[in-house]
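In what follows, a single structure is set out as structure tokens and then discussed.
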Amino acid sequence: MVRDTVRGWVTERYLPIVAEHFEAGTFPHELTGELAELGVFGPTLPEEYGCAGLDNVAYGLICQELERGDSGLRSFVSVQGSLVMYPIYAFGSDEQKNHWLPQLASGEAIGCFGLTEPDFGSNPGGMLTTARKDGDDWILDGRKMWITNGTGCQVAVVWARTEQGIRGFVVPGDSKGFSAPEQKHKWSLRASVTSELVLEDVRLPADAILPRTTGLKNALMCLTQARYGIAWGALGAALACFDEALQYSKERIVFDKPLAGFQIPQQKLAEMGTQITLGQLIALRVAHLKDQGVVTPSHVSMAKRNNVSIALQVARTCRDMLGANGVSLEYQTGRHLCNLESVYTYEGTHDIHTLAIGAELTGEQAYR
Ligand SMILES: Cc1cc2nc3c(=O)[nH]c(=O)nc-3n(C[C@H](O)[C@H](O)[C@H](O)COP(=O)(O)OP(=O)(O)OC[C@H]3O[C@@H](n4cnc5c(N)ncnc54)[C@H](O)[C@@H]3O)c2cc1C
């Protein structure tokens, strides 16, 4: 039911406008209220905060169907739920939870997650952003880069170095000294807002810190939540491409018969259908492990790494099957292909997940 509801909404409300937004480099903010109505913001969090209290299979299917629309749409929702609501829920005080979670669930507030910096992406532990004490207050200074939903956000979860290590902070978007200029000229995730965060002597009260954060591992726990959604979401993008190429192959006549009647396209379709199904099985298995509370970051690394890689290969193959039309925004495949290049890089690059799985298997860390 969840899958069909989200699929129906994406088909009716989002697909007709996404290409326009992709070309213009804008996100359709007017749909935020409808997304909240659907219950997709923080869908696994409890109902007492206005969330849907769903299980992880339902959450995964939501991501799959949103990304069938566009990776930018799924990113918007992943950041809000997994990277803003989850840390406030998991590491926040009761006051922070009661203040922010209902507003974020209803879409009245939009949040962003500031971890990456210009010089520190795969290695966020090197971050230069600092939070220092001044009396009871905190003063934050630094710059974050590549931050989804930054511009115009009502709240930013910002990770900064303190004397006690890296901690998370809840920064209201209207704080003095905080700004979030948009990063333009992307050719990927164009229908998603990406921003720099500038923090210049941002003075925050003592209770702006997320009290249960103790180090970088808490930021990584948030990423595990979001990566789980990506593992499902990327397959949604792959399915959109697959469906388009399948339909196209039945209609496109080459050498007097449908493309679908030739063996090479059939082999491509058979391989893609199989790979997408295998990816869904991994995602479903991780969903069950997550619901049982026994999932590990390596399980999620395996699912994210594998499924985004499959999706990118599927998008490339489908782009080829569409011929010249594959580079036109009148078809969806080229847009998904461009988007998936970002998905391959963000939330831990493909290679970083390879090294995380390698470290788990061998006990040897090869990334430093
Ligand atoms: C559209 C978009 C949206 C994003 N949204 C957010 C967001 O909301 N919040 C946020 O905090 N960040 C966000 N990011 C940032 C993203 O998470 C980082 O770009 C990513 O972690 C990679 O970091 P980097 O770009 O600095 O690449 P680098 O870390 O410089 O990596 C460059 C290359 O080096 C490789 N590499 C790095 N270290 C090693 C190693 N030890 N061994 C072998 N190879 C290595 C990488 O795999 C990669 O191929 C976003 C990025 C994009 C593109």
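Each value in this text was obtained by applying a stated rule to the coordinates, not by laboratory testing. Only a predicted model underlies this, so the values are computations on that prediction, with no experimental measurement involved. Ideal geometry is used to build each Cβ from the backbone, glycine not excepted, and the neighbour counts take in all protein chains shown.
Listed values, structure above:
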quantity: Per-selection Kirkwood Rh - the chain (Cα, Å, 1 d.p.); calculated: 21.0 Å
quantity: Interchain or long-range residues, amide H under 5 Å from T116's placed H; calculated: M145
quantity: Sequence-distant residues sharing a close amide H with A156 (under 5 Å, placed H); calculated: C112, V171, G173
quantity: Placed amide H near T148: partners under 5 Å, 5+ positions off or other chain; calculated: F113, S195
quantity: DSSP bridge pairs, region 60-186: antiparallel proportion in percent, nearest 5; calculated: 75 percent
quantity: Region 168-306 - charge dipole about Cα centre, Lys and Arg +1 at Cβ, Asp and Glu -1, debye rounded to 20; calculated: 340 debye
quantity: Cα-centred dipole magnitude for the chain, charges only on beta-carbon of K, R (+1) and D, E (-1), debye, nearest 20; calculated: 940 debye
quantity: Euclidean distance of C-alpha centroids, region 281-338 and region 106-128, integer Å; calculated: 23 Å
quantity: Value at 222 nm in deg cm²/dmol, rounded to 500, when DSSP H runs of n ≥ 4 in the chain each add -39,500 (n - 2.57); calculated: -16000 deg cm²/dmol
quantity: In nm, spacing of pseudo-spin labels at R203 and Q164 (7 Å Cα→C-beta vector); calculated: 2.3 nm
quantity: Kirkwood Rh in Å, taken over region 46-126 so that all alpha-carbon pairs contribute; calculated: 14.0 Å
quantity: Burial order of peptide ranges 275-283, 187-195, 64-72, 123-131 (average beta-carbon count within 10 Å, highest first); calculated: 64-72, 187-195, 275-283, 123-131
quantity: Under 19 Å from the Cα of K250 - aspartates and glutamates, other chains or at least 8 residues apart; calculated: E271, D320, E330
quantity: Of K97/K290; K176/K217; K144/K186, pairs whose Cα-Cα distance is over 19 Å; calculated: K97/K290; K176/K217
quantity: Whole-Hz ³J(HN,Hα) from phi, Karplus 6.51 cos²θ - 1.76 cosθ + 1.60, for region 22-37, glycine and proline x; calculated: 4, 5, 7, x, 10, 10, x, 4, 5, 8, 4, x, 5, 4, 5, 4
quantity: Ordering of 164-173, 134-143, 349-358 by burial proxy (mean other Cβ atoms within 10 Å per residue, highest first); calculated: 164-173, 349-358, 134-143
quantity: Stokes-Einstein D in µm²/s, Kirkwood radius over Cα pairs - region 277-354 at 37 °C with 0.692 mPa s viscosity; calculated: 241 µm²/s
